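Everything below concerns the one structure shown next.
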There are 2 protein chains.
Amino acid sequence: MSKTSGSMQSGRRMNADAEHARVIPEATASRLLGYLRVLNEYSFGRIVCSRDLALAAGVDAAKLRRDLSFLGNYGVRGVGYDVATLTAEISIALGAHTAHRVALVGVGNLGQALAGYSGFAGHGFQLVALFDADPEQVGRTTAGLQVNDIADAATVLAERQATIGIIATPAGAAQSVAELLVAAGVRSILNFAPCLLEVPGDVHLRQVDLGLELQLLAFHANSRPTDLAHVIAEIRSSS
Amino acid sequence: MSKTSGSMQSGRRMNADAEHARVIPEATASRLLGYLRVLNEYSFGRIVCSRDLALAAGVDAAKLRRDLSFLGNYGVRGVGYDVATLTAEISIALGAHTAHRVALVGVGNLGQALAGYSGFAGHGFQLVALFDADPEQVGRTTAGLQVNDIADAATVLAERQATIGIIATPAGAAQSVAELLVAAGVRSILNFAPCLLEVPGDVHLRQVDLGLELQLLAFHANSRPTDLAHVIAEIRSSS
DNA sequence: CTCTGTGAACTCTTTCACAGCC
DNA sequence: GGCTGTGAAAGAGTTCACAGAG
């Protein structure tokens, strides 16, 4: 997002050490997670070929092989990939082995859906704190955690040491919540509030906008028939 | 490349290169929705320049101008864009004027969060049916609608004529729900279940995976320090 | 002068196709 | 034969920088 500063003097030196190409492109990273999910359904010790794995993951084989090639050469030509090895390598590459302590702000419907998300603990995430501004919610227990007052965020977070924050509050509250989280040392934020957040450059921010997704879907639903109607109208008017 | 705005009369051939500005790239479409949201906070009749609008929308000015250029030439050089005109043009381009009838399946926490989503009605979406498989939920009322049994989907959907479906069920139920929706005439599906759906080619599918977003965030949280260390090491070794 | 619209360069991503290994 | 890994080409998206309108 932000301009990655100086490429003025580009590094002509590639391969200083050449352990392996460590840079995993953004697009690849998101698919690797998908492969990992699919791999979990194969038994360890099995061998799987790119075509089958790709089919199961909903991508095409060439793309999958290209993606995996960023990790190194873990396939065997003429054979395929060992499920156990591949699982391990992807996990390592994505850092899925390290645990993350997560604080969730806003325990409305969306927040509770997130708190109850089953894939949470399963993938190295530990929910360590819940917050809300609503006195009605504060003190209640969800997902085995008591909801704290957002006003106490500084103290609670200092104690619980979260590194990831999830914002599931109304848009109006999101910015101040983000600031609280950042002040408490959170360096990665997943924001579900439909608004733009300002955060320091060293904080990684990810935005998920449910309304926007719906509108994009509608756009595609529209544009296809509309294009057609448009073409038809043109043909008609020209005759 | 593109000129437009003249109601240029094209020939009867569809390959005539008359109407250019019609193809909006995917990446641009998603940002246009963002601009629309920001524009709502300006008063109609005002003029806004690309720099300001871009700042408010969180993109850079050149990108914004490029995006808007896909719509046609609605800006005035040396001046800026008229808020009212721009709002209208973006809405038209995105088809935000047409209403969409939405069916939502799964009224658990996530489903209720979606049902209660405020930006729903505000942007041409009308929730027309709610479904769940849980007898506990069936019959309850959320967001002004009674929850129907998913078993009755065919009948209810035939009557309510939804064009967009939202799946907010557990992963295991998603595929069969998708098939029900498709059979009932739904041609656009927004899927929140963390699984791959198989749908016919003419059905537009959009996937939102909350767990995946979280894991991607964690990936960046992990990889950034490493990247940095790597860059530093390179700089050091080269000087 | 300010600000838009866009060619051109650039970077990121996908796709093809085939060499090389089993 | 089957399959991986990857150069090379194609495509999508971004950024630069400037001509030209007001």
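The values are calculated or read from the model by the stated rules, or taken from the named source; none is laboratory data. All values reported here derive from a predicted model rather than from experimental measurement. Don't worry about glycine lacking a Cβ; one is built from the backbone with ideal geometry, like all the others, and counts go over all protein chains shown. In case anyone asks, the SASA skips ligands and DNA or RNA and just uses the protein heavy atoms, side chains included. Shrake-Rupley method; radii C 1.70, N 1.55, O 1.52, S 1.80 Å.
Can you pull the mean other chain C-beta count within 10 Å for peptide B:112-123?
4
Could you sort A:T141, A:T87, B:T85 by accessible area so the largest value comes first, with the probe set to 1.4 Å?
A:T141, B:T85, A:T87
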Original post:
Using a label point 7 angstrom from Cα along Cα-to-C-beta, what distances in nm, from shortest up, separate B:D152 from the other copies?
Top reply: 4.5
**OP:** May I ask you to report, in nm to one decimal and beginning with the shortest, the distances from B:R140 to the same position in the other copies, taking label points 7 Å along Cα-to-Cβ?
**Re:** 1.2
Original post:
Can you pull the three principal axis extents for the Cα set of the range A:26-94, in Å, largest first?
Top reply: 29, 22, 22
**OP:** Could you sort A:31-42, B:211-222 so that the peptide with the highest average Cβ count within 10 Å comes first and the rest follow in order?
**Re:** B:211-222, A:31-42
**OP:** Taking all protein chains together and a probe of 1.4 Å, list A:L157, B:L110, A:L180 from the most accessible to the least accessible.
**Re:** A:L180, B:L110, A:L157
Subject >> Note, ³J(HN,Hα) from phi for the range A:184-191, Karplus 6.51, -1.76, 1.60, rounded to Hz, x at Gly and Pro >> reply: 8, x, 5, 10, 9, 10, 10, 10
Subject >> Packing rank of A:73-84, B:119-130, where each peptide gets the mean count of other beta carbons within 10 Å, highest leading >> reply: B:119-130, A:73-84
**OP:** Evaluate peptide A:51-62: per residue, the Cβ atoms of other protein chains within 10 Å of its Cβ; return the mean as an integer.
**Re:** 1
Subject >> Dimensionless Rg ratio for the range A:100-208, taking C-alpha atoms and the 2.2 N^0.38 Å reference >> reply: 0.95
Original post:
Roughly how much of B:S223 is accessible, in Å² to the nearest 10, using a 1.4 Å probe?
Top reply: 30
Original post:
What are the distances, in nm and sorted shortest first, from the label point of B:A183 to the label points of the same position in each other copy, with each label point placed 7 Å from Cα along the Cα-to-Cβ direction?
Top reply: 5.6
**OP:** With a point put 7 Å past each Cα toward its Cβ, work out how far B:R206 is from A:E26 in nm, to one decimal.
**Re:** 1.8
Subject >> Residue-by-residue Karplus 3J(HN,Hα) for the range A:161-174, coefficients 6.51, -1.76, 1.60, Hz, glycine and proline x >> reply: 6, 6, 10, 10, x, 10, 9, 10, 9, x, 4, x, 8, 4
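From largest accessible area down, sort B:V177, A:V138; use a 1.4 Å probe on the protein chains.
Result, largest first: A:V138, B:V177.
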Original post:
With +1 on each Lys and Arg Cβ and -1 on each Asp and Glu Cβ, how big is the dipole of the range A:26-94 about its Cα centre, in debye rounded to the nearest 20?
Top reply: 140
Original post:
Hey, what did the range A:108-181 get for relative contact order, percent, Cα under 8 Å, at least 6 apart?
Top reply: 27
**OP:** Go through the range B:88-98 residue by residue and turn each phi into a ³J(HN,Hα) via Karplus (6.51, -1.76, 1.60, θ = phi - 60°); whole Hz please, and just put x for glycine and proline.
**Re:** 5, 5, 5, 4, 5, 4, 8, x, 6, 7, 7
**OP:** Rounded to the nearest Å, what's the spacing between the alpha carbon centres of the range A:152-226 and the range B:158-219? Just the number, please.
**Re:** 23
